[in-house]
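One structure is given below, encoded as structure tokens.
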Amino acid sequence: MTLPQKIKSLERNDCGMVDFWNGRDRLDATNFVVQPDIIPQQSLGLTHSSEGPAGIDRRGSKLTQRNITPVDIEIAELLYPVLVEAARGAEKLTCLQLIDRAKQRHPDNAAIQKQVPVGLGRRLATVRAFTAPLGYPDLTCLVVQPRTNRPADVFPNPEAEQAKVAAFDWENVEPAFFVQLGEWRKATERRAKCDRGTAVQIVWDYYSANRARMPSAIQQFREILIEEVMGGEDVEQAFAAIVLELTPEMA
């Protein structure tokens, strides 16, 4: 099953075009035209915000930072035990395998049940925001692409990093991870949030201003974008995080 089949199916408007604003938040999409070009990964750079906690993304040879949202924290909390279990068994997981295991453990959690491979990178970046500052091995290197069996992110030596992860005493630091999540939750509560209607307008305005540079696949992640903005994420960073993950194979 392909990724588009795994997310909410999209309606089409009277012109037969995919309607980005379907359902109860429908807006006039008659003139909604998207250029099919894929944005180069560097064209929407992620920036560090001083407001609230920041996740850490690997892009090329550098780490970039962005706001951590309540959804990031919620899903990272569910993914971390799965990754630690994989580390103990020196096991690698694809994005779908990681998500599916978390879903099986938490069938009643709406956030993880809606999670898809594109968008997972920002959840993994939240895990990395705990390990990287402390100098721990990068637990997220266990998440690999199915065709290459290598991480989608750039690691100088993924096999060496994976060996460090397998040898590390994760049980000893696990309590500190959940303490950190609690601190991040408090920080995100102080960040300005907005209601759904406001978030829809913010996402639409940003999309309208930048749609000539947007990949057509961005249409499929409307709900994710709205939820991130509702949680206090900067709209530019929300779009950038999705765009950055559309280029490499994540499923």
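Descriptive notes on the structure:
- Being of a type in the set (Ser, Thr, Tyr) and either in contact with a strand residue (DSSP E or B) (Cβ under 9 Å, 6 or more places away or on another chain) or closer than 21 Å to residue 234 by Cα (or both) is a condition met by at least one residue of the range 106-128.
- Counted residues, the range 105-124 - those being buried (at least 20 other Cβ atoms within 10 Å of the Cβ), among the small types (Gly, Ala, Ser) and touching a Leu at 6+ places or on another chain (Cβ under 9 Å): 1
- Odd one out for residue 216 among (1) over 30 Å from residue 94 (Cα atoms); (2) in contact with a Pro (Cβ under 7 Å, 6 or more places away or on another chain): (1)
- Candidates 228, 223: the one that is over 19 Å from residue 76 (Cβ atoms) and at pLDDT below 90 is 223.
- Every condition in (1) surrounded by fewer than 18 Cβ atoms within 10 Å (Cβ to Cβ); (2) closer than 23 Å to residue 224 by Cβ; (3) without any contact (Cβ under 8 Å) to a residue 24 or more places away in the chain is met by residue 146 except one, and the failing one is (3).
- Looking only at residues of the range 206-228 that are among the aliphatic types (A, V, I, L, M) and in contact with a Phe, Trp or Tyr (Cβ under 9 Å, 6 or more places away or on another chain), we find that the one that is nearest to residue 112 (Cα to Cα) is 225.
- The criterion of being free of Cβ contacts under 8 Å to residues at least 12 places away in the same chain and of a type outside the set (S, T, N, Q) does not hold for residue 137.
- Some residue of the range 153-163 being under 17 Å from residue 91 (Cα atoms), of a type in the set (A, V, I, L, M) and surrounded by 16 or more Cβ atoms within 10 Å (Cβ to Cβ): no
- For the range 95-118, the count of residues that are of a type in the set (A, V, I, L, M, F, W, C), modelled with pLDDT under 85, in contact with a Phe, Trp or Tyr (Cβ under 7 Å, 6 or more places away or on another chain) and under 22 Å from residue 145 (Cβ atoms) is nonzero.
- Restricting the range 51-94 to residues that are farther than 18 Å from residue 131 by Cβ, hydroxyl-bearing (Ser, Thr, Tyr) and surrounded by 15 or more Cβ atoms within 10 Å (Cβ to Cβ) leaves a set whose member that is modelled with the highest pLDDT is 94.
- Just one of the listed residues (71, 116) is in a loop (DSSP other than H, G, I, E, B), within 15 Å of the chain's Cα centre (by Cα) and touching a residue at least 40 places away in the same chain (Cβ under 8 Å), and it is 116.
- Among the residues of the range 188-203, those that are closer than 12 Å to residue 70 by Cα and buried (at least 17 other Cβ atoms within 10 Å of the Cβ) comprise 188, 191.
The values are calculated or read from the model by the stated rules, or taken from the named source; none is laboratory data. Just so you know, these numbers come straight off a predicted model, no measurement behind them. We place every Cβ from the backbone using ideal geometry, glycine too, and count neighbours over all the protein chains shown.
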